[in-house]
Amino acid sequence: MLSKELSALASPLNDQQSGLLQQAVSELSPQQLAWVSGYFWGLSQTQPGGVNTSLNQTAVNNSQPAGKLTIIFASQTGNAKGVAESIKASAEEQGITAELFDASDYKGKNLAKETHVIFVASTNGEGEPPDNAIELHEFLQSKKAPKLDGLQYGVVALGDSSYEFYCQTGKDFDSYLAKLGATAFIERLDCDVDYEESTIQWISDSLNKVKDALSSSVEVVEKQAPLVQAVHSQYTKQNPYTATLLTNQKITGRDSGKDVRHIEIDLDGSGISYQPGDALGVWYENGSELADAILGQVGLSGVESVDVSGESMSIREALISKYEITASNPQFVTKYAQLSGSKKLQKLIEDKDKLRDYSSNTQVIDVLLEKKAKLTADELISLFRKITPRLYSIASSQSEVEDEVHLTVGLVEYQKAGEKRLGGASGFLAQRLEEDGEIKVFVEHNNNFKLPVDDNAPLIMIGPGTGIAPFRSFVQERDNRDAAGKNWLFFGDRTFTQDFLYQVEWQKYLKAGLLTKLDVAFSRDQQEKIYVQDRLLEHSEQVWQWIEQGAYIYVCGDATRMAKDVNDALITIAKEHGQLSEESAIEFINNLRKEKRYQRDVY
Ligand code: NAP
């Protein structure tokens, strides 16, 4: 039977080689055969003059070599992980064996054993890799990185084009892999915030290529359990749960300069579960007043019909529910500068830094107000990005609140051109949505911001402003688990009397001994600014003691300034009390990150 199969193939082997091969394979099980064929195919890729993809295709079609696709995600908020999971699901639908790895669980040197890998990578604000990929990112640039001549790879880079270092982590992985000798089997895809549609075609094209090169045998599929068991809720970003709003309570004082809301949402009957550290994705609708103001500014009535991903609807409806019409971005400003002919905007788009600055500080309606322009309905929607859900750090633990989920939402609100401007999602949650109103939500799990498994480990939590949210969840969870570990909270905000979020709860926990220490920094209660990092430095000796005792450090909130300053403070503490040089202190703190003893949820 085997010899029949061998002779049926257009074999490149001579008679002697054929004989030896037949003898060898006659002793192998089907599973071993599948493995061996994949092994030899992989080997052929590392030899000079190795078979090219078109030859492989012939081989695949005839002899079905086993092989697999490895998918690695570098994800901060879960978007890259979501794309990686879709790739895996599509691959499996096509019969391709695929394994999914969190970058922090993947050993870089194993890349040398792979044949086909897809990286899906998001980028942090300043072009840094997500926390779960710091180690792999570093490894691939180091001398320890292996030669990857036999590796074929693809990269999906996720980013936000309003940032300077757009898709940087994906670009980095692309260039590091190429430098190590790997070959891209498909061009890298760089995606903006509305990435979903653009990934569909790329996934289909790349899997066609991978399928041409690989095939999987049933035995191999059964044997190889995926290393990452994705937690799949029935409800996802694409299929959210329609929940109801239970409570919307302002938790800043009457005289506060900020309006922060404590939001409670009912999940009863949904079966949704979440862990402390996870985020809640919220789909929102834009205000009809804003949609009307935009329509009026470009000379449309709102009844004009438009096509949105194959669905026909009025442009007014499309603006309310399908497009991001609050925050602007550099592409929006650039396109409108061209369509409107505004001299001011045309000058602005020549300077990238100024354009980025202007876009992040000017809402869509205020860009349109720079110059009135008559637009068609299609021209208007061509300016916008599709609406995307907002992620809020969850502020409750299910061990405490069961079928509810709580959020801490800062309302974005300011005056411009004599009118009130509201944030898209925060305006919806805090002002437009009524109690008992419907809200579409899903849980975005975040494995990079998790309580230690060891309930005895001490925690240091640093969360100024609405960055306090996940720590309410952490403390509730530790309370309900009767965790014995010490807990130290650093909170900061503008003023003690107006902005001390959840003050009563923290004081209760302090009194009960669950919070071992609480340190607060109210920046505007005195002449000079006092921030959370100042409190850390004031208590540096004790902070160092806690770190030496194995404390886990968590930071949540503003990424651009606060998180950097807190990081600097931790380096200073390591220098002073660990008697380390600047370089060793930086390495020490980076190692804490790699060991997951220093986790951040910042943006
Ligand atoms: P905020 O008012 O911006 O700031 C809270 C406190 O931090 C104020 O006292 C502020 O002081 C102070 N502060 C300013 N610069 C600082 C610095 N360099 N280091 C330390 N503290 C500093 O707070 P918020 O409006 O609630 O927003 C918090 C930020 O966290 C927002 O950017 C939000 O998007 C982000 N956030 C992120 C997450 C997440 O990643 N999951 C969750 C929640 C919130 P002054 O204003 O007096 O200077």
For residue 487, residues with placed amide H under 5 Å, excluding near neighbours: 459, 516, 517
Table column - 3J(HN,Hα) (Hz), region 108-124, Karplus curve with 6.51, -1.76, 1.60, x for Gly and Pro: x, 5, 5, 4, 5, 8, 8, 10, 9, 10, 10, 9, 10, 10, 9, 10, 7
Simple spin-label estimate for residue 404 and residue 343 in nanometres, 7 Å along Cα-Cβ: 5.8
Residue 244-residue 113 pseudo-label distance in nm [points 7 Å out on the Cα-to-Cβ vector]: 5.4
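List, in the order given, every pair from 68/564; 250/374; 386/564; 237/508; 81/386; 322/371 whose Cα-Cα distance in the structure shown is over 29 Å. Display every interim value, and only then the final one.
Numbers: 68/564 40 Å; 250/374 41 Å; 386/564 31 Å; 237/508 36 Å; 81/386 20 Å; 322/371 24 Å.
Cα-Cα > 29 Å for 68/564; 250/374; 386/564; 237/508; rest within.
Can you give me the convex hull volume of the Cα atoms of region 428-516, divided per residue and expressed in Å³? Walk me through the numbers on the way to the answer.
On the way: hull volume 12.9 nm³, N = 89.
Dividing the Cα hull volume of region 428-516 by its residues yields 145 Å³.
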Amide H within-cut-off set for residue 99, under 5 Å, with H built and near neighbours excluded: 69, 70, 71
Area of residue 375 that stays accessible when all protein chains are in place (1.4 Å probe, Å², to 10): 10
Loop GluC sites (Glu not before Pro), region 425-524, which have at most 16 other Cβ atoms in a 10 Å radius of their Cβ (DSSP): 434, 435
Per-residue SASA entry for residue 502, accessible area with 1.4 Å probe, Å² rounded to 10: 20
Integer Hz, Karplus 6.51/-1.76/1.60 couplings in order for region 195-202, x for Gly and Pro: 8, 4, 5, 5, 6, 4, 5, 5
Förster radius 51 Å - calculated FRET efficiency between residue 357 and residue 482 (Cβ-Cβ, nearest 0.05): 0.55
Candidate aspartates and glutamates - alpha carbon under 17 Å from residue 575, same-chain residues fewer than 8 apart omitted: 534, 538, 541, 548, 565, 583, 587
Rounded accessible area per residue of the chain, 1.4 Å, Å²: 47
Where 288, 397 fall by accessible area, highest first, once all protein chains stay in place (1.4 Å): 288, 397
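For region 144-186, go through all pairs of different Cα atoms, get the mean of 1/r, take its inverse, and jot down that Kirkwood value in Å. Numbers along the way, then the final one.
Values: mean 1/r = 0.0901 Å⁻¹.
Evaluated on region 144-186, it is 11.1 Å.
So, R0 is 25 Å and r is the distance between the beta-carbons of residue 560 and residue 596; what FRET efficiency does that work out to, to 0.05? It would help to have the intermediate numbers written out before the result.
Numbers: r = 23 Å, r/R0 = 0.94.
For R0 = 25 Å, the calculated efficiency reads 0.60.
Based on the Kirkwood radius over alpha-carbon pairs, what is the Stokes-Einstein translational diffusion coefficient of region 337-471 at 4 °C with 1.567 mPa s viscosity, in µm²/s?
68
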Cβ-derived FRET efficiency at R0 45 Å, residue 94 paired with residue 415, nearest 0.05: 0.25
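Taking 0.36 nm per residue of separation and subtracting the Cα-Cα distance, what length does fully extending residue 537 through residue 204 add? Show your work: numbers first, answer last.
Details: separation 333, 0.36 × 333 = 119.88 nm, distance 5.21 nm.
Here the answer is 114.7 nm.
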Shape of region 479-603, Cα gyration tensor, a/c cut at 1.5: oblate
Per-bin percent of Cα-Cα distances, the chain [20 Å]: 17, 46, 30, 7, 0
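May I ask you to compute the full-extension gain from residue 160 to residue 175, defined as 0.36 nm times their residue separation minus their alpha-carbon distance, rounded to one decimal in nm? Mind dumping the intermediate values first?
Details: separation 15, 0.36 × 15 = 5.40 nm, distance 1.97 nm.
Difference between extended and current length: 3.4 nm.
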Candidate aspartates and glutamates for bridging to residue 594, where Cα separation is under 12 Å - those fewer than 8 sequence places away on the same chain excluded: 105, 131, 135, 138
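Rounded, prolate or oblate: pick one for region 267-345, where a ≥ b ≥ c are the square roots of the eigenvalues of its C-alpha gyration tensor, a/c under 1.5 means rounded, and failing that, prolate if a/b is larger than b/c, else oblate. Show your work: numbers first, answer last.
Numbers: a/c = 2.86, a/b = 1.76, b/c = 1.63.
Prolate, because a/c is 1.5 or more and a/b exceeds b/c.
For 562, 461, give me the order by solvent-accessible area with a 1.4 Å probe, most accessible first, ignoring ligands, DNA and RNA.
Values: 562 20, 461 0 Å².
Ranking 562, 461 by accessible area, largest first, yields 562, 461.
For residue 138 and residue 303, compute 0.36 nm times the residue count separating them, minus their Cα-Cα distance, and round to one decimal in nm. Could you put the intermediate results ahead of the total?
Details: separation 165, 0.36 × 165 = 59.40 nm, distance 5.37 nm.
Result for the pair: 54.0 nm of gain on full extension.
In Å³ and rounded to a whole number, note down the convex hull volume per residue for the Cα atoms of region 305-353. Can you show the working numbers first?
Working: hull volume 4.9 nm³, N = 49.
Per-residue hull volume (Cα only) is 99 Å³.
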Solvent-accessible surface (1.4 angstrom probe) belonging to residue 445, in square angstrom, nearest 10: 40
Accessible surface ranking that places the most exposed of 588, 496 first, with a 1.4 angstrom probe: 496, 588
Whole-Hz couplings from phi, Karplus 6.51/-1.76/1.60, listed for region 255-267; x for Gly and Pro: 9, 6, x, 10, 10, 10, 10, 9, 10, 10, 10, 8, 10
Among beta bridges that DSSP assigns inside the chain, antiparallel share in %, nearest 5: 45
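Based on the alpha-carbon gyration tensor of region 287-332 and its eigenvalue square roots a ≥ b ≥ c, which shape applies: rounded if a/c is under 1.5, prolate if not and a/b is larger than b/c, or oblate?
Working: a/c = 1.70, a/b = 1.16, b/c = 1.46.
It is oblate, given that a/c is not under 1.5 and a/b is not larger than b/c.
The values are calculated or read from the model by the stated rules, or taken from the named source; none is laboratory data. Bear in mind the structure is a predicted one, so any value in this text is a computation, not a measurement. Every residue, glycine among them, receives a Cβ derived from its backbone with ideal geometry; neighbour counts consider all protein chains shown. Surface accessibility is based on the protein's heavy atoms, side chains included, excluding ligands, DNA and RNA. Shrake-Rupley method; radii C 1.70, N 1.55, O 1.52, S 1.80 Å.
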